[in-house]
Structure formats: C-alpha cells, structure tokens
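Below: the structure, in structure tokens.
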Amino acid sequence: MTRILSALLLVFMAVPAIAQDARAIGFTQDGLFFIVGRFDGIGSDTLEQYVVFDAHLGNDLFAPQELTPEQYKQFVAGRPLAPLKTGQQSPDGKRQLQVSSKDKEGRWEKGEFHVTGVSPWTGDSGEEARVPPPSTFRFGVKEGKKTWPSSDFTFEHGNQSQRVEFIWSPDGRRVAYLVHLESATDGGGSDYWLKFGPTQGPRVQVLGVKGTIPALYVLAVSALEKAGLTPISTGEAKDSHPSTVVFAAKGFEADARKAAQALRGATVAPLTWKPGYELVVVLGGK
C-alpha cells in the first residue's frame, strides 16, 4: 500500500453531539500508520469505516485511506496494531504533555484537554450570548528540565466544544492529537480532525515543488529520521530551489546542520516566516 497523507479536516457528520464521532484505534506496530474508526449511526457502537493516516508524512498533501471493516481486517493482518497508549503522560513515564496559552480557557480532564464551546443564543427570548474570541494553545512535551514544542492549535469557541485526545506512537517519537468537535447546541453535529507532533527536538516540515513524487518525500523523511529528527508534515513549496535548503528558526541552527548532512547537497538558511515548524526542508527541484 502506498504511503498516505491526511487531509487536516474530514467530512462533517450531522449527528447529535451526544454521539461520539470517531474512535482512536491507534498506531501500527511499525509506527508508520495511525487508524481512526468512524461509527455507523447515532449512539451506535459499531464502526462502519476505518481511516488510515500516514503518521510520518503528515496531514497536508494526500487524502487518507478509507477502509471497510473487511478491508481493515486485511490491512491489520499485514500491519498489526500496537497497544493503544493514551493520556497526558508517555507510556514510559518520562515525558509529560503540557499546554501553554495566554488565555485561561481549557482544562485537563482524565488525560484529555477540553475547551468548552458557547452557544451564540440562549434563553427563550433568543438573547445573544458572549462568545469568547479564539484561543491559541501550544502543546509541548516535557522531559526533565527540557520542554519541546509539539503542536499549536487555535480553537473557535462559538457553538462547539473541543476535546483533544492524545495517543503516543510505539517508538515514543510522535503524539497523535485527535480533536473531537461537538456542537454546543442540542441536536447539533460532531466532527473530528487529526494532527501529529514530535515528542522531542524541533518540529520538521518537508516541502517539495509541485509534481514531486511521493517516493522523494519518503526518502527525505527516512533520511531525516535516521539523523534523529522527527518530520511531522509534508506539503507543496511556494518557491523552487536548485538544491535542497533547510530553513531554521533561531536557536535551531545545529538541528538544521544535522538535517542538511542527512540530505545530499543541502544547505542551511534562516527561517524568516512563522510556519509552525522550527525546521522547514524544501527539496531541490524545478
């Protein structure tokens, strides 16, 4: 099966908020894929579809694979699942997820992070409620005295609540952030989306010019992982470069040099924009 990239936001499901939208199935033992199951109806415990994401290439370039229950059985027969490891703390107890924000919105509850939505209308008179502005959160992973950035989120408060579930990869290098969205209005809908973040080191994105074949992304990501880095996203570059360039945020120059050494002919340059990553690798090509 070809490697898979996920779209960030999946199709809306018009079901009441009391019905859970999706269930985390978890990572495969090799850590390459992450699977989400979707329910077949309101209040049902039966999963009708399984969505397979590529955990190494990220969420931005290709659609995930959608499998029927029978296809799912065949898939996991060839790629067994790892035990499901959820919660704020890593399975080995050495790392802890933390959140930072300028806002006071959000709370930890049973190893998940919750942001409560506000219905824009309340009462029989249709009185308009105050809806807080969007809140921005940064999830980081702390080990000892060191904390690394892992993933940034901006949550809208109007008419929906968000619940973030954390699933750790079997090799401990990644966290899957499964975000459940539920309407704050009775009879509203639910949805979900998924992101990946590293558990140490810089956040790394790999970009290629339009038409770059998936195999080139795979080669670059594999080389970076062998160098000890953890790419979490791939995508299309806006500008082309004759050779590969590793753009580094201030303070991450040493990591950029390590990345450049892993990629033949690569050079290092300063990162002058804010993409949500500390290293952005743009593969050479026209």
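Report, to the nearest 10°, how far helix 214-226 tilts away from the longest principal axis of the Cα atoms in the chain, using its own Cα long axis and a range of 0 to 90°.
80 degrees
Please list, or write none, the lysines whose alpha carbon is within less than 27 Å of the alpha carbon of Lys85, excluding same-chain residues fewer than 8 places away.
Candidates past the 8-residue exclusion: Lys73, Lys94, Lys110, Lys142, Lys145, Lys146, Lys195, Lys226.
Round to a whole number: what % of the accessible area of the chain belongs to carbon and sulfur, probe 1.4 Å?
Accessible surface attributable to carbon and sulfur in the chain totals 51 percent.
Quick one: angle between helix 253-262 and the longest Cα principal axis of the chain, in degrees between 0 and 90, rounded to 10, please.
Once rounded, the angle reads 70 degrees.
Which one, Ser243, Ser151, Ser161, has the greatest fluctuation when you compute a Gaussian network model over the chain with C-alpha springs under 10 angstrom?
With Cα springs under 10 Å in the chain, the top fluctuation among Ser243, Ser151, Ser161 is at Ser243.
Antiparallel versus total DSSP beta bridges in the chain: what percent is that, nearest 5?
Approximately 80 percent, going by the DSSP bridge assignments.
How much accessible area per residue does the chain have, counting only protein heavy atoms and a probe of 1.4 Å, in square angstrom?
50 Å²
Name the most mobile residue of Phe75, Phe247, Phe139, meaning the one with the largest mean-square fluctuation, in a Gaussian network model of the chain with Cα contacts below 10 Å.
Fluctuation is largest for Phe75.
Using label points projected 7 Å from each Cα along Cα→Cβ, tell me how many nm separate Glu109 and Lys226, to one decimal.
Computed distance between label sites Glu109 and Lys226 equals 4.7 nm.
Between 0 and 90 degrees, rounded to the nearest ten: what's the tilt of helix 69-78 against the longest Cα principal axis of the chain?
Helix 69-78 and the main axis of the chain meet at about 30 degrees.
Short version: what are the Cα gyration tensor semi-axes of the chain, square root of 5 times each eigenvalue, largest first, in whole Å?
33, 23, 18
For region 198-256, what size does the Cα cloud have along each of its three principal axes, sorted from largest down, in whole Å?
31, 22, 16
The values are calculated or read from the model by the stated rules, or taken from the named source; none is laboratory data. Every value quoted in this text rests on a predicted model; they were computed, and no experiment measured them. Using ideal geometry, Cβ is built from the backbone for each residue, glycine included, and neighbour counts are taken over all protein chains shown. SASA here: full protein model, heavy atoms, side chains in, ligands and nucleic acids out. Shrake-Rupley method; radii C 1.70, N 1.55, O 1.52, S 1.80 Å.
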